[in-house]
Every structure is written in structure tokens, then in C-alpha cells.
Amino acid sequence: KPSAEHLKNIDLMVYDVQDVGCRFYTYISTLHLVMEACAENNVPLLVLDRPNPNGDYIAGPVLLTEWKSFVGMDPIPIVHGCTVGELALMINGENWTDTIPCKLGVIPVLNYNHRTKYELPVPPSPNLPNYLSVRLYPSLCFFEATTVSVGRGTDYPFQVLGGLQKNLGEFRFTPVDKPGAAIDPLNENKPCYGVDLRNLTEVPRFT
């Protein structure tokens, strides 16, 4: 969250970050905290909206407020269906911050609607390298609370599943340390056995 010192002599804060449309992808938590900081310091915020690559559907339970944290700031579904501009307007309109609403402006995306298929031109992180990983992320991320690897430390993160037991599947991969990754991958340098989701015929897609 920006401090008062960070915002000193700032005339306008601009938020221009590509989100992936999932509650626990923390770029929108940063948005929430930036909105609070702008409200506290009387700095207007301008959101440059971007398409949501998972914006064609809404899924999952709404976050209970007692479980609020940086991996879930607002009472929205896991797949919330909003662009960051729409979400900022909702945060303000529903008074979800701990401050008064900030002075907010949103520049919308031209020629976009929620049925528009959108593939990110630049990966939002090293572990979401392509369209399939972005589409599978809202489901596969839950496995990160287990001993099952989701492919971090491979060339296909969030596109495979595997654990250390050989009976988990015929597909084999070995996670290794990768440049740009913030933490060491689960089961680093150990062979994992599981399933390869890259060639499924029933992959998440726009219908």
C-alpha cells in the first residue's frame, strides 16, 4: 500500500496493470490498497482498463469478510468476471475499502465485451506464460495447498498436475528453479507423476 510519503506531491495516480480475473491473483488487492491510499491522501486515481482473459464467466464462492487478506480483499467470487476498471467502480460503489471512496476515473477498453476472447500479449508473471495457463489457473491454484505440483519450475506451469507417487499418472516432469520465479518450486529437482493438461479436448474455452 502506498504511504503518504509515496504520494507526496503526486497530482494523479495511474493504475495500469493486466489482471487475469481471479480473486486470489493479487494485482487487484494492490488496486484495493491503492484506492485506500488515494482516498486517505486526496489523490485522484485513474484506472486504465484492460480486457479480462477470464471475463466470460463467473464461478466459485464469494469471499467471507472474516477471511479477508492480501490473497482476497473483497467479497467477490473466485472468478469475478470483471475488468479492473469495473472492479474499481464496484469497490468504490459498495464501500469495500476502509476509507471514504477515492476520486476515481476509468478509461474503458474500446470494442471489448465479456464475450471477447482475449489472449494476453505479455505474460503477467513467469508462471502464467500463455492463454491455457491463465484459463486453468483459477482451478489449479487450489492444488498449491497440497503436495501436488502444478508445474511451477517447468516450461508449462499451471498446465500439468503431479505428485511424488508413481501411481498418480503416466506423465512425468521434474520442477527446477526458474529465472524470475520468486520462490523455489514445490518438489524441486524431484520427479513428479501425474497428468498433462495441455492436450485435453475439453480445455476451458469461450463457448
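Once neighbouring chains are kept in place and the probe is 1.4 Å, which whole percent of the accessible area of the chain is contributed by carbon and sulfur?
56 percent
Relative contact order of the chain, please, whole-number percent, based on alpha carbon pairs below 8 angstrom and at least 6 residues apart.
This gives 17 percent for the chain.
Could you check which residue among 180, 105, 72 shows the biggest mean-square fluctuation in a GNM of the chain with a 10 Å Cα cutoff?
Per the Cα network of the chain with a 10 Å cutoff, 180 tops the list.
Taking the Cα centre as origin and putting +1 on Lys and Arg beta-carbons and -1 on Asp and Glu beta-carbons, what dipole magnitude results for region 1-69, to the nearest 20 debye?
140 debye
Count the lysine pairs in the chain whose Cα atoms lie under 19 Å apart, taking only pairs 8 or more positions apart in sequence or on different chains.
Close lysine pairs under the 19 Å cut-off: 5.
With a cap of 10 neighbouring Cβ atoms within 10 Å, and only residues DSSP puts in a loop, list the trypsin sites (Lys or Arg not before Pro) found in region 1-69.
8
Run lengths n ≥ 4 of DSSP H only: what is the helix-derived mean residue ellipticity at 222 nm for the chain, with -39500 (n - 2.57) per run over all residues, to the nearest 500?
The per-residue figure over the chain is -5000 deg cm²/dmol.
Among (i) 1.21; (ii) 1.08; (iii) 1.01, find the value of Rg/Rh (Cα atoms, Kirkwood Rh) that was calculated from the structure presented, and write down its label.
(iii)
What list of ³J(HN,Hα) values in whole Hz, one per residue of region 42-50 in order, does the Karplus curve 6.51 cos²θ - 1.76 cosθ + 1.60 (θ = phi - 60°) give from phi, with Gly and Pro shown as x?
6, 10, x, 10, 10, 9, 8, 6, 9
Using a Gaussian network model of the chain whose springs link C-alpha atoms within less than 10 Å, name the residue from 121, 53, 108 with the highest mean-square fluctuation.
In this elastic network of the chain, the residue with the biggest mean-square fluctuation among 121, 53, 108 is 121.
Return one whole number: the accessible area per residue of the chain in Å², for a 1.4 Å probe.
Counting only protein heavy atoms, the per-residue value for the chain is 53 Å².
If you keep only loop residues by DSSP, which chymotrypsin sites (Phe, Trp or Tyr not before Pro) in region 102-207 have at most 14 other Cβ atoms within 10 Å of their Cβ?
206
For a quick check of your reading of the filter: which GluC sites (Glu not before Pro) in region 1-52 sit in a DSSP loop and have no more than 10 other Cβ atoms within 10 Å?
5
Does region 1-84 come out rounded, prolate or oblate by the C-alpha gyration tensor, with a ≥ b ≥ c the root eigenvalues, rounded set by a/c under 1.5 and, if not, prolate when a/b is larger than b/c and oblate if not?
Oblate, because a/c is 1.5 or more while a/b does not exceed b/c.
Hey, in the GNM for the chain with a 10 angstrom Cα cutoff, which one of 172, 152, 50 fluctuates hardest?
The residue with the greatest mean-square fluctuation here is 172.
The values are calculated or read from the model by the stated rules, or taken from the named source; none is laboratory data. Just so we're clear, the structure is a prediction, and the values are computed from it rather than from any experiment. Note that each Cβ is placed from the backbone with ideal geometry, even for glycine, and that neighbours are counted across all protein chains shown. We work out accessible area using only protein heavy atoms, side chains counted, and drop any ligands, DNA or RNA first. Shrake-Rupley method; radii C 1.70, N 1.55, O 1.52, S 1.80 Å.
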